[in-house]
Amino acid sequence: MSVRMIQDRLADYGCRTALEEEQALREITQEIVLAALGRTDFFQRVGFHGGTCLRIFHGLPRFSEDLDFALAAPDAGFELSPYLEAVSVELKAYGYALEIDERDKVGAVRQGFLKDDSLGRLLRLDYRPATGPLRKIRIKLEVDTNPPAGARYDMPILDFPFPSAVRAFDPPSLLAGKIHALLCRKYIKGRDWYDFIWYAARKTAINHILLSAALDQAGPWAGQGVVTDDVWCCRELEAAIGRLDIDRAREDVRRFVKPSEIRSLDLWTRDFLQSQNRKLAGRDGTPPTWP
């Protein structure tokens, strides 16, 4: 019955390629992982953020790979392994045979990888490879045990595979994390800019308390006590857009969007991104808000 639930859920995606089928299966698995974590005390201690959060709870029209979390309060003694075990038990009921790889602690970040190549053999896949093994479903979980202060939260309900409450960053806090990535990431990740455009179209407010704390903790402004506002963000993002290799950014996004969305990437020019930047900062005369 549990495998049938996944099969029915997969049918809802209307996949047209092997890549879309793979992405859909990963997303279905992500939802089961979140629901499994919701059966524990995980979300009493942790908030969900990042691109997958935006995808699942706010309808971002691109797929995402990882599950990113941050503790509500710093705790150097936090251990991820008990939660990974709880997830493993839940996923086995749905036909998964997981490999769990918990990495050594890297600074304040706890990492775990969930890998499975068994589920595909139990499902009817329309785009199963004619030869060779199925690709493994692979999901990385990361928990920041020393997060910057200032995040605010919502408590949305995940409906699949069963109702489960998930503590998640609210949209202004999600945007604060995205702007920190845009300004501080040391490599080009086009998915950051795709999300930036999505936020800008909605004139999302920025949680400046969280952004200021994040900038003070890590990146070029670390330890400088920068206090951000919309004008500061617009200025720094304008400079980042001026340096951006747009072709590389566009190429990074392609495999995470449906074919119908790819045409929109042709709009990406420096002028286009700067116009989105002005929307985000409220410089078109409309104060940035989240409805």
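The values are calculated or read from the model by the stated rules, or taken from the named source; none is laboratory data. Computed from a prediction, not measured in an experiment: that's the story for all the values here. Methodologically, a virtual Cβ is constructed for each residue, glycine included, from the backbone with ideal geometry; neighbour enumeration extends over all protein chains shown. Note: areas computed on protein heavy atoms with side chains; ligands, DNA, RNA excluded. Shrake-Rupley method; radii C 1.70, N 1.55, O 1.52, S 1.80 Å.
How large is the accessible surface per residue of the stretch 1-150, computed with a 1.4 Å probe and reported in Å² as a whole number?
Numbers: 6840 Å² over 150 residues.
Here the per-residue accessible area is 46 Å².
Among A72, A201, T52, pick out the residue whose Cα is farthest towards the positive end of the charge dipole of the chain, where Lys and Arg carry +1 and Asp and Glu carry -1 on C-beta, about the Cα centre.
A201
What are the extents of the Cα atoms of the chain along their three principal axes, in Å, largest first?
Ordered largest first, the chain gives principal extents of 53, 46, 34 Å.
Plugging the Kirkwood radius over Cα pairs into Stokes-Einstein for the stretch 1-115, at a temperature of 10 °C and a viscosity of 1.306 mPa s, what D comes out in µm²/s?
Roughly 104 µm²/s, to the nearest whole number.
Among 149-159, 197-207, how do they line up by average Cβ neighbours within 10 Å per residue, starting with the highest?
On the way: 149-159: 15.3, 197-207: 19.7.
Ranking, from highest mean packing down: 197-207, 149-159.
Please compute, over every Cα-Cα pair in the stretch 47-205, the percentage with a separation greater than 25 angstrom. Don't jump to the answer; show the numbers that get you there.
Details: 4836 of 12561 pairs.
Result: 39 percent of Cα pairs exceed 25 Å.
Note the angle between two axes, namely the Cα long axis of helix 171-184 and the longest principal axis of the Cα atoms of the chain, as a number of degrees from 0 to 90, rounded to the nearest 10.
So the helix axis and the longest Cα principal axis differ by about 70 degrees.
Determine how many Å³ per residue the convex hull of the Cα atoms of the stretch 205-250 encloses.
Working: hull volume 4.3 nm³, N = 46.
Each residue corresponds to 93 Å³ of Cα convex hull volume.
For the stretch 142-158, in order, what is each residue's ³J(HN,Hα) by Karplus, 6.51 cos²θ - 1.76 cosθ + 1.60 with θ = phi - 60°, in whole Hz (x at glycine and Pro)?
Once θ is set to phi - 60°, the couplings for the stretch 142-158 become 10, 10, 7, 8, 9, x, x, 7, x, 5, 10, 10, 10, 10, x, 9, 7 Hz.
So, R0 is 22 Å and r is the distance between the beta-carbons of T269 and K189; what FRET efficiency does that work out to, to 0.05? Working shown, then result.
Values: r = 19 Å, r/R0 = 0.85.
Efficiency for this residue pair is about 0.75.
Step by step: find N for the stretch 163-291, compute 2.2 N^0.38 Å, then divide the Cα radius of gyration by it. What's the final number? List each step's numbers first, then the result.
Working: Rg = 14.8 Å, N = 129, 2.2 N^0.38 = 13.9 Å.
Rounded to two decimals, the normalised Rg is 1.06.
With a 10 Å radius around each residue's Cβ, average the other Cβ atoms per peptide and rank 264-271, 52-59, 252-259, highest first. All intermediate terms of the calculation are to be shown ahead of the outcome.
Values: 264-271: 12.5, 52-59: 19.0, 252-259: 16.4.
Highest-to-lowest ranking by the protection proxy: 52-59, 252-259, 264-271.
How far is the Cα center of the stretch 1-63 from the Cα center of the stretch 216-235, in Å?
So the separation of the two Cα centres works out to 33 Å.
Using the Karplus equation 6.51 cos²θ - 1.76 cosθ + 1.60 (θ = phi - 60°), what ³J(HN,Hα) coupling, rounded to whole Hz, does each residue of the stretch 232-246 give in order, writing x for Gly and Pro?
4, 4, 4, 5, 6, 5, 4, 5, 5, 5, x, 8, 6, 7, 5
Could you state the per residue volume, in Å³, of the convex hull enclosing the Cα atoms of the stretch 43-91? Numbers along the way, then the final one.
Numbers: hull volume 5.0 nm³, N = 49.
Here the figure is 102 Å³ per residue.
Identify which of A70, A97, A36 has the largest mean-square fluctuation in a Gaussian network model of the chain, with springs joining Cα atoms closer than 10 Å.
Between A70, A97, A36, it is A97 that shows the largest mean-square fluctuation.
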